[in-house]
Amino acid sequence: MEYQIYQLEKEKKFEATCLRCGNCCGAQDDPCMHLVIQPHGEYFCDIYDSRGGVQKTRSGKFFECVSIRDILHEDWSGNWNCAYKKQNNIIT
Ligand code: SF4
Ligand code: SF4
């Protein structure tokens, strides 16, 4: 039980690091259909709890939605700004 609480806290902290810039979901070029912008400029995923797997961009391209942990060493538009890349000193 204590371990589960520890894991949940760890995950919460990890999630809180995200800037909600939406860049890893295509905000700067061809956004995922599930990427939604909020009035104050932050983005969110409207299917976050079931996001993994094949998804579609606004222009109709299919792609695989994976955890940010799996793409940290890859490039995407605006990736220089990603909080996880900065936190892990990853320069691509
Ligand atoms: S489904 Fe994946 S790529 Fe699409 S908005 Fe959600 S997290 Fe981003
Ligand atoms: S690019 Fe990084 S900081 Fe921006 S939404 Fe994606 S995970 Fe969060």
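Details
- Once the Cα atoms are used to define both axes, helix 2-17 deviates from the longest principal axis of the chain by about 40 degrees.
- Loop-located chymotrypsin sites (Phe, Trp or Tyr not before Pro) in segment 48-79, at most 12 other Cβ atoms within 10 Å (DSSP): none
- Largest GNM mean-square fluctuation across Arg51, Arg69, Arg20, computed for the chain with C-alpha springs under 10 Å, falls on Arg69.
- Two-site label geometry, Cys18 and Phe44: point separation in nm, points 7 Å out along Cα→Cβ: 1.1
- With at most 15 other Cβ atoms within 10 Å, longest stretch of the chain clear of loop GluC sites (Glu not before Pro) (DSSP): 1-41
- Cβ-Cβ distance of Asn89 and Ser67, R₀ of 25 Å, FRET efficiency by 1/(1 + (r/R0)^6): the value works out to about 0.85.
- Mean projected area (nm²) of the alpha-carbon convex hull when segment 15-84 is viewed from all directions: 4.7
- With a Förster radius of 30 Å applied to the beta-carbon distance between Gln4 and Ser59, the computed FRET efficiency rounds to 0.15.
FYI, it's all coordinate maths here, none of it is from the lab. Nothing here was measured: the structure is a model prediction, and the numbers come from that model. Neighbour counts are summed over all protein chains in view; Cβ atoms, including those assigned to glycine, are modelled from backbone coordinates with ideal geometry.
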